[in-house]
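In what follows, a structure is listed as structure tokens, so that the remarks can point back to it.
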Amino acid sequence: MNNKESISHVTPGKYQESKFEKIHSVVFESASVASKVVAKEIADSIKEKKNKPFVLGLATGSSPIGVYKELVRIHKKEGLSFKNVITFNLDEYYQISRDDNKSYYSFMHRHLFSHIDIPKENINIPDGEISEDKIQDYCVKYEDKIKRYGGIDFQLLGIGRTAHIGFNEPGSNINSETRLIALDEITREDASSEFNGLDFVPKKAITMGISTILKSKRIVLLAWGYKKSNIIAETIEGEVSTTAPATFLQNHSNTTFVLDKESSADLIKFKTPWLVKDINWNDNKKKKAIIWLSKLVKKPVLKLTQRDYKENGLANLVDSEFNVYDLNIWMFNELQKTITGWPGGKPKHDDTNRPERALPSRKRIIIFSPHPDDDVISMGGTYARLIDQGHDVHVAYQTSGNIAVSNEDAEKFIEVMYSFISSPDVKKVLKSVKNELGKKKIGDADSENIMKLKGLIRKSECIAAANYLKLPEKNLHFLNLPFYETGYIKKNDPTYKDIKIVSSLIESIKPHQIYAAGDLADPHGTHRICLDIIFDSLKELKNKKFMKDCWLWLYRGAWQEWEIEEIDMAIPMSPAQVIQKRNSILCHQTQKDKVMFQGNDEREFWLRAEERNNNTANLYNKLGLAEYQAIEAFKRFYY
Ligand code: F6R
């Protein structure tokens, strides 16, 4: 990990941390530290130019926001002037009006231009309002203007999950210049929360071309989070190809990728470090390497030979061990120990080699569910077992999940209530909510009444699932955390209020086990926020006596799954238990069929969950363990 002050590029060829990497990259502990370092390089380069023009290429999106914040700070606190800076933005949606708060014109003013001393005439952003017949001419002129200024001195980039830079989507050619382009569906999906739904995301954009970008003297690309890890590895280590336009940066001699831990996680040097350098082996690294080897040579662990290890870059592991046979047995036992049908611990049994403690035999348990259905989607099988095995199970729904109920579903519920209830007062309220729904325009927030109605619909679905699994309704806790209640897809930042609500519940129940979603790839970031709120609550409670007996288990499932080597507890499911889990997911009727927010996976949640649980079971089986129908997996988190 790097916390260097500078990320200046080292001549390609001289810099080579791993033989697989074709682009210089620097990895930081966090995006905020990295953003400060990048801002400093920009500020220093502006200063170096003295009073001569400095041509700065700029990006929008979530990635550069930290850099802009730091540039504003340097301007305000350290007097950095932007009087001689000429900016060219990479792209703009088409068609969009400048004043639309989703336009890149608005974005740039909101985050940077309105807070610094850059002259208006120095700002260049592609015009999203230009008429279609003038676009070609306009794009040539944009390109010429960059040339007239002597080209871009420093180009800041983000990267899309399609490997676009600017909006150069797959298929973009190395010779491409500024032009109108159709946006890829994945890109539109990623922008959908900004636009309050996929249907409202523009289909086109004006973007600088690959060749425009490659002519820049210095390029820095920013990428944060797991969402980008695949594409970053493909771009740095893959072959140059139009299907991943960012790979063209391999041809540029002064490019640096600035990454955080998450976005760099799929690089070979982190994913399979034994292929790159000598390793100081510990149990975790051994597990990771052996499971990788077993998958690679398609053999169960107990059948791996010395030759398999040696021929696949693991000679150093074999040499450090007594013999391969013992190493394989050790690995097999480690995997075997994770499997248990007793997620709350097996009473009256030796628990030395079990994932959970036997005592107390009846545990108090809180299952935290970020949305009102993650509990059953991600751990419906385990949830049912914990109830069947007599534990005091509580489920806490952190958010109301109201935004994911469609207006049509909300109207359906109003109709039923309207026909069912005779009270004129209630009918009046229902009629006014129906009117509010009817009047809602694209991009309007849900009103308080609509939010309340939609939240109640989801609440009723949670109650149906709990009834089905035989959990008393009094054990359900609807926390309706305030950070979520905006009426928009975009949420507020969490505050102490959110933490207090969660910590009060934990304190009142004093649980022996907490289950929480460690699933950090959900498209709107709600899972990450909900987990951070739990971490902050646990920090706040850490000196309480009950906390020393409180274990935290993280589940995944709605959006991603644990790697096998990360799993500490694997709960097998029989075919009948799989059906039971499916039925509990299906209680969430508004999240069926046409799911409003489902990420890039078009399948319904029950199908995704079943496939993931099946895959985990298959993987265990391929590694040489017993063959189960499905497995739910958990990782213990030591806080
Ligand atoms: C924006 C742009 C895009 C973004 C990319 C990543 O001007 O050109 O290439 O940089 O889509 O977006 P974020 O940073 O939001 O992940």
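Every number here is computed from the coordinates shown, using simple stated rules; none is lab data. From a predicted model like this one, the values you see are computed outputs, not experimental measurements. Glycine gets a Cβ as well: all are built from the backbone with ideal geometry, and neighbour counts include every protein chain shown.
Some observations on this one:
- Dipole magnitude for the chain: computed about the Cα centre from +1 point charges on Lys and Arg Cβ and -1 point charges on Asp and Glu Cβ, it is near 1220 debye.
- The value of relative contact order for the chain, using C-alpha pairs under 8 Å at least six residues apart, is 12 percent.
- Mean Kyte hydropathy of -1.0 or more with a Cα span along the axis of at least 18 Å, helices from DSSP in the chain: 31-48, 65-78, 283-297, 324-338, 374-388, 407-420, 424-439, 448-469, 496-509, 526-541
- Kirkwood radius, segment 395-481, all distinct C-alpha pairs, inverse of mean reciprocal distance: 14.1 Å.
- Taken along the Cα-to-beta-carbon direction at a fixed 7 Å, the label points for Thr305 and Ser253 span 4.9 nm.
- Computed Kirkwood radius, in angstrom, where 1/r is averaged over Cα pairs of segment 318-438: 19.3
- Average projection area in nm² (convex hull over Cα atoms of the chain, one quarter of hull surface): 32.1
- 222 nm mean residue ellipticity, helices alone, for the chain (DSSP H n ≥ 4; -39,500 (n - 2.57); rounded to 500): -12000 deg cm²/dmol
- Along the axis of the charge dipole computed for the chain (Cβ charges of +1 for Lys and Arg, -1 for Asp and Glu, origin at the Cα centre), the listed residues Tyr104, Val37, Cys462 are led at the positive end by Val37.
- Considering every alpha-carbon pair of segment 120-237, the percent of pairs per 10 Å bin, from zero through the bin containing the longest distance, is 12, 41, 36, 11, 0.
- Extension gain, Asn614 to Met547: 0.36 nm times the residue separation minus the Cα-Cα distance gives 20.7 nm.
- Inter-label distance, Asn467 to Ala626: 3.5 nm, where each label sits 7 Å from its Cα along the C-beta direction.
- Gyration tensor verdict on segment 272-337 (Cα atoms; rounded if a/c is under 1.5, prolate if a/b is larger than b/c, oblate otherwise): rounded
- Taking all pairs of distinct alpha-carbon atoms in segment 16-269, Kirkwood radius in angstrom: 18.3
- The coefficient of translational diffusion for segment 487-594, derived via Stokes-Einstein from the alpha carbon Kirkwood radius under 20 °C and 1.002 mPa s, stands at 131 µm²/s.
- Two-site FRET efficiency, Asn316 against Lys47, from Cβ-Cβ distance with R₀ of 51 Å, rounded to 0.05: 0.60
- Placing a label point 7 Å from the Cα of Tyr138 along the Cα-to-Cβ direction, the residues of segment 55-96 with a backbone N closer than 13 Å are 91-96.
- Listed pairs Lys303/Lys363; Lys69/Lys288; Lys22/Lys261 exceeding 28 Å between Cα atoms: Lys303/Lys363; Lys69/Lys288
- Ranking Ser320, Phe332, Leu296 by how far each Cα lies toward the positive end of the dipole of segment 272-337 (charges on Cβ) leaves Leu296 at the top.
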